[in-house]
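Just below is one structure, and these are the notes that go with it.
The values are calculated or read from the model by the stated rules, or taken from the named source; none is laboratory data. The model shown is predicted, which means the values in this text are computed figures rather than measured ones. Here Cβ is always computed from backbone atoms with ideal geometry, including for glycine, and neighbour counts include all displayed protein chains. These area figures cover heavy atoms from the full protein model, side chains too; ligands, DNA and RNA do not enter into them. Shrake-Rupley method; radii C 1.70, N 1.55, O 1.52, S 1.80 Å.
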Amino acid sequence: MSQGIEKQSQQLLQGPLKHTRTAALALALVPLAAVAVSTQVGETCPSGGICGTVFSDTNGNGVQDEGEPGIVGAVVTVTYVVDGTAYDFTVMTTAETPTSPAGLYDFGTAVPPGEWNISVQIPNGTSPSPVNVGETGSGDVPNDSDGVSDNNGNSVAKVNWDGTNQTSSTDFGFTTSGFANPGTGTPGYWKNHPEAWPVSTITIGNVTYTKEQAIAKMETPVQKDKTYTIFSSLVAAILNTHPLVGNDNTCVQAAIDGAQQWFKTYGPVGSNVAASSYAWKVGEPLHRQMDNYNNGMLCVQHRD
């Protein structure tokens with residue numbers, strides 16, 4: 001990161017975002033659907049900086065209409081990449097002033113100029129709304145949804161910030177996903193409930209296992225071989241997203257596909273991949289994504 005940007009970033013962390021970052025960590029587990037409240041549509045961002053609204057798009061038309069509630073408690077992150085290094089700031093979605101709509105986020109004008117990715121974690125049971133409804137190429141339309149799924153559990157939009165008093169108006173709508181979403185199960189659930197498996201065989205990488213063989217692999221002590229770690233999370237993710245189960249797969253499918261390719265390259269299970277290896281450096285992020293999904297932290301709630 002360049003010294004100028006690093007200095008600005010540290011000033012930002014010690015200034016406007018010093019306490020909101022702490023607040024974000026304290027409120028990160030607030031259920032989003034439980035805190036949606038009515039909002040006034042069309043209110044401009046107080047600071048005129050990088051800001052916008054996260055809202056519940058109840059009719060799924062990609063626009064925040066009158067009466068559609070904002071979502072309070074959503075974590076909004078902006079990521080600035082300098083020389084290949086991402087620098088993150090995080091705040092909680094909240095009303096900035098008593099007259100601001102619920103669901104408003106505001107990073108202000110202190111954020112360093114440049115191109116930023118703004119992302120919002122997709123609330124359980126929802127999908128990002130249709131994007132850029134009504135735009136004709138002349139610029140952003142107020143109150144429309146600007147975020148698209150990154151297939152990793154987030155809705156993401158880009159904004160070019162020049163550091164002056166301009167309103168980005170980058171908004172994020174979420175609508176009912178349309179999936180049954182009975183809930184995800186951990187590897188432990190699938191090991192202990194073989195009767196719930198929607199398939200009798202499962203293919204991991206280039207190898208097909210019977211249900212009994214797969215469960216036996218999942219029950220093998222991990223010890224130092226990380227192939228067993230990612231095997232368990234991958235099997236659970238595949239079962240959780242099977243059409244006969246009915247959970248939303250959009251926030252984990254990219255990780256599943258990546259893990260399948262990983263096993264084709266570094267597998268099969270039992271290939272003695274060490275935690276210190278390059279192979280695990282590639283595989284660990286995929287495992288973490290699937291593990292978060294299996295534990296009900298992305299897109300779909302956990303099974304009761």
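What the table shows:
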item: Distance in nm between pseudo-label sites at ASP304 and ALA180 (7 Å out along the Cβ direction from Cα); result: 1.6 nm
item: THR109 paired with ASP150, simple spin-label distance in nm, labels 7 Å along Cα-to-beta-carbon; result: 2.8 nm
item: P(r), alpha carbons of segment 255-304 - 10 Å bins starting at zero, rounded %; result: 25, 47, 22, 6
item: Percent accessible area from carbon and sulfur atoms, segment 144-221, protein chains only, probe 1.4 Å; result: 47 percent
item: Segment 218-273: proportion of alpha-carbon pairs further apart than 19 angstrom, %; result: 32 percent
item: Where segment 179-270 is the region considered: accessible area per residue in Å², 1.4 Å probe; result: 43 Å²
item: Estimated FRET transfer efficiency (VAL282, VAL199; beta-carbon r; R0 22 Å; 0.05); result: 0.25
item: Where only C-alpha atoms are counted, convex hull volume of segment 160-304 per residue in Å³; result: 145 Å³
item: Tail weight of P(r) past 15 Å, computed on alpha-carbon pairs of segment 175-239, percent; result: 52 percent
